[in-house]
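Heads up: the structure comes next, in structure tokens.
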Amino acid sequence: MRNRIWYLAGVTALCILAARVLYADFRAGYYTPAGPETIHQMLPSVASTDSTYDAGQYPIYYPELAPGDGKNDVENNCELCHSPRYIAMQPALPAQAWSDEVNKMRKTFGASIPEETAQKIIQYLGTHYTPETRKR
Amino acid sequence: MGDSKLGFTRRRLLKTLGAASVTLAAAQIFGEPNAAGQEPSGLQPAPEFTGPGANPYWTSPGQFATYPQKAPLILLTDRPVQLETPRHYFLSTFTPNDAFFVRWHLQTIPNAVDLKEWRLHVEGNVERPLTLSFPELVARFKSVSVAAVNQCSGNSRSRLQPRVAGGQWGNGAMGNAAWTGVKLREILDAAGVKSGSVQVQFEGLDRGLGPKGFGSNRFLKSLDLTNPVIDECLVAYAMNGEPLPMLNGFPVRLIVPGYFATYYVKSLSWIRVLDTPDDNFWMKAAYRIPDAPRGNTTPEDMKSGKVATVPIARMPVRSFLISPDGSTKIPAGFPLRLRGIAFSGYGGMKKVEVSTDNGANWSEARLGPDEGEYSFRTWSLDWTPKSAGRHPLAVRATDAKGNVQPDEGVWNPGGYLWNKIERQEIVVGDAS
């Protein structure tokens, strides 16, 4: 009698095990490390009661531009009026389009970039930010 | 006797179990794997997508960033600031202020405004120039509210082929708010527009570092005084019942219902009546569209120099599926409610239709509450996918003027006026 009980218990255990493997209806308990990057929750600001309505400073998120000749010229000229994200955001553009953009900044927007420097910037953008060369 | 038999049975049981385990392991390794038995994949950050193909995502694939008075939004640029609204915020008719997209043109944008000093100046070709303080503006004129969509001219620019330079927005450079303020017409009447005036120009507190007289120095927009939209314009001091966030134009902003957001001048501080047409960069060179059906042209025609252009004005009809957004696998037989929004700069919505077979057949959706002809209009449609598969959904709107969304994209050098029928693939899985 006891033998039969053991035998039945074993078979039952086996059936449960088999069912769990063959007829698994869910999975659980997996976690993966995702690095330290989270989005900060900002401290609620406390406003003064005077007539000034202040939003505070706006954050700058500096992107990494492709290393290479002309990067300094971009930093010293283009970044006067706008952050380098204006370059990093653009889709990969043909070299001619970058040349047009730089000339638009000079002629249409009045950026005082000397001809020689402008050529170096055009060369830099046309080298690193075209459909063929853009890394990311 | 019992013991020995028990021992034998135990051994046999263990052997049996062992053999079974091997068989099961083999079945797991070599057999048809059960999906639920596989290791789940982790979340992957969206890769930076820079083309040259069209951006395949609903929004720009940029990172999230937090700005003052703002929820985390998608960062396009930081100086000047351009932030895009994530998709899920468009489930409701009104877009929350802290999620409302941001787009400035010049780098020197207001951080703070002292209302004791700030004035709205009404000047130029007028009988009585005005300098209105914030309380004067609020008290002197009648308070009016309008629900109006504020959509960047370059919304969805990242869809164009070939790609064009500019803010690489997905679909989130838009928002709808209940704007409360005073009628521009009442202000103009109070100042007394002199005869011979042709346009009214608007200027905010933003400044650029470019030389004087260039678009990189001042951002200026103008409307013809004969344009009927002048009578619909508001100088708004409230957005969804709250003060405007600084990045959305505190303390007051021009509202031009039906028009693209380029005319919604932020931190409006000068209203200038002109006796000659405005020829500043932002009217004469920028924000212009080909004078052609749908503002459509080709790179070749642009190069030839024969394409005449006009200032951008009203927004063409658009509609969006917001939920489901394709990120959730739907069991076959699940009673789905498809939900989204539609709008048009040419007046209210006539109908929204949804196709669950990539445009072969269309069903009319139920329209949500009507908040006015220039507002987002929500829509919904119940649909139960019967079988597993990848279902290409499409949504198209028809506005009150009978304009229907086309199934073709548009191309112009500014990347404006995109209003192609939107599609969303929904993955439906087996459920039995």
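Laboratory data are not the source of any read-out in this text; all were calculated from the coordinates shown. Being a predicted model, the structure only gives us computed values, none of them experimental. Here the Cβ positions follow ideal geometry from the backbone for every residue, glycine too, while neighbour counts run over all protein chains shown.
The table for this structure:
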quantity	calculated
Gain upon complete extension [B:ASP279, B:HIS121; 0.36 nm per residue less C-alpha separation]	54.8 nm
Likely footprinting exposure, A:VAL46, B:VAL317, fewest C-beta neighbours within 10 Å first	A:VAL46, B:VAL317
Virtual spin-label span in nm between B:ARG423 and B:ASP189, 7 Å along Cα→Cβ	5.2
0 to 90° range, to nearest 10: angle between helix A:115-128 axis and chain A longest Cα axis	20
Residue exposure sequence - B:HIS88, A:HIS128 - by fewest surrounding Cβ within 10 Å	B:HIS88, A:HIS128
Neighbour-count ranking [beta-carbon atoms within 10 angstrom, fewest first] of B:CYS152, A:CYS81	A:CYS81, B:CYS152
Within the stretch B:287-336, trypsin sites (Lys or Arg not before Pro) in DSSP loop having at most 12 other beta-carbon neighbours inside 10 Å	B:LYS306, B:LYS329
Estimated [θ] at 222 nm from DSSP helical runs (n ≥ 4, -39500 (n - 2.57)) normalised by residues in chain B, nearest 500	-4000 deg cm²/dmol
Cα-based helix-to-principal-axis angle, B:2-30 vs chain B, degrees rounded to 10	40
Within 10 Å of each Cβ in A:47-58, the average number of Cβ atoms from other chains	6
The stretch B:102-147: GluC sites (Glu not before Pro) in DSSP loop, at most 14 other beta carbons within 10 Å	B:GLU117, B:GLU127
Label point 7 Å beyond Cα of B:ARG366 along Cβ direction - residues of the stretch B:377-396 with amide nitrogen under 15 Å	B:378-384
At most 13 other Cβ within 10 Å, DSSP loop - trypsin sites (Lys or Arg not before Pro), the stretch B:164-202	B:LYS194
